[in-house]
Amino acid sequence: ALVAAAILIIVLTKLLCPTAFFKLPNGFILHAMTGGKLPPFFCHWPFEDKYFGKWCRDGDVVVCVASKSGTTWLMNIVHQIRTLGDPKGFLKHNTHTTPWPECSRYPGETVEEALEHLLTLDGTTNPEYPLRVFKSHYRPRVDGTPWSQAIKTDAVVPVRQKPKVKYIACAREGKDVLASFYPFFAAHRQEWKDLWGSFPPTFKDFNECFKFFTEDQPGFYHGYIADWWAYRHDPNVLMLHYADLKKDIKGSLRKIARFVGVDVPESAWPLIESKVSLKWMQENEDIFKYDMTTKYFEGNVMSDEKGSFVRKGALGEGKSLLSPEQEKKWQEMNDQYFGDKPGLAEWALNGGPLAPLTEAEKKTGGLTTPLLSKQ
């Protein structure tokens with residue numbers, strides 16, 4: 001009877017006051033158990049048809065990079081390119097100049113509140129920007145998939161539905177992603193975690209981190225790459241690999257500039273290259289720590305400690321962290337998600353040239369089901 005009563009209380013709380021769970025220590029667990037999304041501050045409404053056009057327009061760039069795969073770096077890269085090195089110093093907070101529409105600022109924030117805030121930011125209003133750039137961690141929307149199904153896998157980005165919007169996707173070797181996530185969760189300020197029911201959790205060790213991303217949130221890494229792979233040659237998509245950025249940043253910058261349509265004078269490249277360097281970003285780290293100031297929270301999401309967010313971003317840092325059992329599990333997931341996609345497993349590991357579309361992919365648009373429309 002006690003168990004039944006507890007379940008009834010939880011269900012009623014979810015129905016009547018869904019944000020109440022966040023007032024409890026580790027309340028995000030109850031939030032997730034009752035069907036809530038993780039991370040709890042991610043939302044899908046910006047990509048619904050009735051809202052997308054209210055903040056995004058033709059010519060905009062949406063940087064849809066996998067988590068811990070160079071998102072902040074690429075957002076800064078596109079900004080520095082569009083402003084030719086930002087000599088006027090527009091970039092003071094990344095969340096203001098390169099907005100993140102899908103991130104709620106506090107539990108219970110309404111669509112109207114979020115949209116009103118979004119439309120006041122430097123990144124949406126500054127007339128000196130030749131293009132606007134927004135952040136997302138989401139995946140491409142597949143025509144014909146009901147919205148209720150699409151949101152279950154975050155497949156909501158209208159890549160082919162909005163062909164005049166440009167999308168930059170980027171992947172990173174998976175073990176390096178895990179290595180980056182381990183300290184990342186711990187580096188969030190406690191005040192932000194308290195606002196969201198102790199999310200994100202601080203992993204006690206790497207094993208707990210590995211379990212979270214392979215069992216609790218399966219497909220978090222692999223599913224992103226597998227879904228974007230089908231769009232790798234779409235004309236409004238630029239698909240990059242973190243390793244290629246690290247190995248040839250000058251060439252990568254020029255490729256990105258061509259894609260977003262900015263004609264960069266040769267004289268501007270030294271300043272751009274300086275401001276996208278690890279050294280400059282580390283020296284100006286506070287810019288990139290996600291200012292989310294509201295009546296419920298003040299300042300940056302990430303810790304004030306120097307080096308807590310812009311790390312070294314080295315290649316291969318996750319190689320030695322996995323146990324033999326974890327290596328086996330990781331390879332099984334590689335096979336599960338990448339096995340039926342020629343060229344993907346090797347590219348996800350090392351980067352390099354993108355494999356051409358196979359004949360089967362050409363018939364289906366790269367998807368596992370026939371392509372219904374590219375409109």
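The values are calculated or read from the model by the stated rules, or taken from the named source; none is laboratory data. Note that this is a predicted model, so its numbers are computed, not measured. Using ideal geometry, Cβ is built from the backbone for each residue, glycine included, and neighbour counts are taken over all protein chains shown. Side chains are part of the model used for accessible areas, which takes the heavy atoms of the whole protein and leaves out ligands, DNA and RNA. Shrake-Rupley method; radii C 1.70, N 1.55, O 1.52, S 1.80 Å.
Hey, any idea what % of the chain's accessible area is carbon plus sulfur with a 1.4 Å probe? Reported share for carbon and sulfur atoms: 57 percent.
Over all Cα atoms in region 93-232, the spread is summed up by Rg and Dmax: 17.0, 48 Å. Placing a label point 7 Å from the Cα of Asp340 along the Cα-to-Cβ direction, no residue of region 170-187 has a backbone N closer than 12 Å. Inter-label distance, Val111 to Asn207: 4.5 nm, where each label sits 7 Å from its Cα along the C-beta direction. Note on the chain: Kirkwood radius taken over Cα pairs, Stokes-Einstein applied at 4 °C and 1.567 mPa s, translational D equal to 60 µm² s⁻¹. The mean sequence distance of close C-alpha pairs (under 8 Å, at least 6 residues apart), as a share of the length of region 84-194, puts its relative contact order at 18 percent.
Over the chain, average the accessible area per residue using a 1.4 Å probe and give it in Å², no decimals.
On the way: 17460 Å² over 375 residues.
In whole numbers, the chain has 47 Å² accessible per residue.
Three principal axis extents describe the C-alpha atoms of region 53-109; from largest down they are 38, 28, 20 Å.
Take the Cα of Asp248, step 7 Å toward its Cβ, do the same at Arg57, and the gap between the two points is 3.6 nm.
Counting DSSP beta bridges in the chain, what percent are antiparallel, to the nearest 5?
15 percent
In terms of the Cα gyration tensor, with a ≥ b ≥ c the square roots of its eigenvalues, is region 203-324 rounded because a/c is under 1.5, prolate because a/b exceeds b/c, or oblate? In terms of gyration-tensor shape, oblate.
Label point of Thr358 set 7 angstrom out along Cα-Cβ; within region 327-349, amide nitrogens under 15 Å from it belong to 335-347.
Show that you can apply the helix-only estimate: for the chain, add -39,500 (n - 2.57) for every DSSP H stretch of four or more residues, divide by all residues, and state [θ] at 222 nm to the nearest 500. Mind showing how you got there, number by number?
Values: 19 runs with 153 residues, N = 375.
Result for the chain, helices only: -11000 deg cm²/dmol.
A cut-off of 5 Å between modelled amide H atoms, ignoring neighbours fewer than 5 places along the same chain, links Val156 with Arg139, Arg141. Applying both filters, DSSP loop and at most 16 other Cβ atoms within 10 Å, to the trypsin sites (Lys or Arg not before Pro) of region 270-375 gives Lys295, Lys306, Lys312, Lys319, Lys374.
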